[in-house]
Amino acid sequence: MPSMKNRPRKMRRSWDDPGHAHYLTYSCHRRLPLLSRDRVRRRVVDALERTRQELNVALWTYVIMPEHVHVLLHPRAPHYEMRRILVMLKQPVAKAAGKWLEDNRQTTWLERLTVVYPSRKVFRFWQPGGGFDHNVFREKTVSAIVDYIHANPVRRKLVDEPTHWEWSSARFWERDPKVPLQMDDPF
């Protein structure tokens, strides 16, 4: 069996089926806690909102963890590409982070997040590939995914209750008006 280092990268498979929601997980490069600061989390929230507006996507739930993001969304358009949705969710965050690191002369972090290939160097904020994408088409599954996403910070012992984690939609669903991002009703 080849070592983890020499294994071919698993390719993400996505089905752009109208009417399906998508449960997404995307992680920071090398699972580093790059989402630990509010300024970066705010960028993720901004990317979620921009994706909602520009690609006609309903956002049902999310959580921003220190090293990954979970999102449950529903493309409203009859024809969509998850590839484009993922680019819109991830690219602005990566670009802003790279610019901030450059502007603030954070050379150690820039080097740590740069992958050197024989022909070029690439700044990597996110793990390569699309991450985890699971099509969701059953109402019962939606509720279970929402609960799982909201419980993430509790399972990691970051908070005692899902609503105590500011960077999640849990507060929205508990009718707290002070939330970073509004959600769309899945039902």
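Being over 24 Å from residue 182 (Cα atoms), touching a helix residue (DSSP H, G or I) at 6+ places or on another chain (Cβ under 7 Å), surrounded by 15 or more Cβ atoms within 10 Å (Cβ to Cβ) and aliphatic (A, V, I, L, M) narrows it down to one of 35, 89, 101, so name that one.
Details: 35 fails: over 24 Å from residue 182 (Cα atoms); 89 fails: over 24 Å from residue 182 (Cα atoms).
Sole residue among the options that is over 24 Å from residue 182 (Cα atoms), touching a helix residue (DSSP H, G or I) at 6+ places or on another chain (Cβ under 7 Å), surrounded by 15 or more Cβ atoms within 10 Å (Cβ to Cβ) and aliphatic (A, V, I, L, M): 101.
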Mind checking whether some residue in the range 105-112 is among the aliphatic types (A, V, I, L, M), in a helix (DSSP H, G or I) and either at pLDDT 95 or above or exposed (fewer than 12 other Cβ atoms within 10 Å of the Cβ) (or both)?
no
Pick from the range 116-130, criterion touching a residue at least 60 places away in the same chain (Cβ under 8 Å) and hydrophobic (A, V, I, L, M, F, W, C), ranking: nearest to residue 27 (Cα to Cα)
126
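Using the structure shown, decide if residue 90 is out of contact with any Lys or Arg (no Cβ under 7 Å at 6 or more places or on another chain), modelled with pLDDT under 95, in a helix (DSSP H, G or I) and not polar (S, T, N, Q).
On the way: out of contact with any Lys or Arg (no Cβ under 7 Å at 6 or more places or on another chain): yes; modelled with pLDDT under 95: no; in a helix (DSSP H, G or I): yes; not polar (S, T, N, Q): yes.
So residue 90 does not fit the description; no.
Could you tell me which residue of the range 74-86 is surrounded by the most Cβ atoms within 10 Å (Cβ to Cβ), considering only residues that are hydrophobic (A, V, I, L, M, F, W, C) and in contact with a Ser or Thr (Cβ under 8 Å, 6 or more places away or on another chain)?
Looking at the filtered set, the residue picked out is 85.
I'd like to know if the range 68-78 contains one or more residues that are closer than 20 Å to residue 166 by Cα and of a type outside the set (A, V, I, L, M). If you could, list the steps in order and put the result at the bottom.
Here is the first cut: in the range 68-78, the ones closer than 20 Å to residue 166 by Cα are 68-73.
Pick out the ones that are also of a type outside the set (A, V, I, L, M) and you get 68, 70.
Within the range 68-78, one or more residues are closer than 20 Å to residue 166 by Cα and of a type outside the set (A, V, I, L, M).
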So for the range 9-21 (the condition being modelled with pLDDT under 95, within 23 Å of residue 151 (Cβ to Cβ) and buried (at least 19 other Cβ atoms within 10 Å of the Cβ)), does at least one residue qualify?
yes
In the range 49-70, how many are under 13 Å from residue 126 (Cα atoms), in a strand (DSSP E or B) and out of contact with any strand residue (DSSP E or B) (no Cβ under 6 Å at 6 or more places or on another chain)?
0
Could you grab me the full set of residues in the range 116-162 that are within 27 Å of residue 97 (Cα to Cα) and of a type in the set (Ser, Thr, Tyr)?
117, 119
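Picking from 46, 133, which residue would you name as being assigned to a strand (DSSP E or B), surrounded by 14 or more Cβ atoms within 10 Å (Cβ to Cβ), in contact (Cβ under 8 Å) with a residue 12 or more places away in the chain and not polar (S, T, N, Q)? Explain how you work it out, then say what you get.
Numbers: 46 fails: assigned to a strand (DSSP E or B).
Result of the check over 46, 133: 133.
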Residue among 160, 176, 184 that is in a loop (DSSP other than H, G, I, E, B), exposed (fewer than 15 other Cβ atoms within 10 Å of the Cβ) and in contact (Cβ under 8 Å) with a residue 60 or more places away in the chain
184
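Say whether the condition of being among the hydrophobic types (A, V, I, L, M, F, W, C) and modelled with pLDDT of 95 or more is met by at least one residue in the range 129-140. Walk me through it before giving the result.
Of the residues in the range 129-140, the ones among the hydrophobic types (A, V, I, L, M, F, W, C) are 132, 136-137.
Keeping just the survivors that are modelled with pLDDT of 95 or more gives none.
The answer is no; no qualifying residue exists.
The values are calculated or read from the model by the stated rules, or taken from the named source; none is laboratory data. This structure is a prediction, so every number in the text was calculated from the model and none was measured. Note: ideal-geometry Cβ built from the backbone for every residue, glycine included; neighbour counts use all protein chains shown.
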